[in-house]
Amino acid sequence: MKIANSLKTLRSRDKDCKLLRRKGRMYVINKKKPRYKARQG
């Protein structure tokens, strides 16, 4: 999982990426390509 300051560019890497907020943290998840997971902060 990549940890980044800004998720906007990470979300745009693939069209299946979704932005989620869980427990006050922002996550990018991708069911088809799990290597695109990312977390902010």
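FYI, it's all coordinate maths here, none of it is from the lab. All values reported here derive from a predicted model rather than from experimental measurement. Glycine also receives a Cβ, built like all others from the backbone with ideal geometry; neighbour counts cover every protein chain displayed.
The trypsin sites (Lys or Arg not before Pro) of the chain meeting both criteria, a DSSP state outside H, G, I, E and B (loop) and at most 12 other C-beta atoms within 10 angstrom of the site's C-beta, are K15, K23, K31, K32. Full extension of the chain between D14 and K31 yields a length gain of 5.0 nm, computed as 0.36 nm times the residue separation minus the alpha carbon distance. Over the chain, the ratio between the Cα radius of gyration and 2.2 N^0.38 Å evaluates to 1.00.
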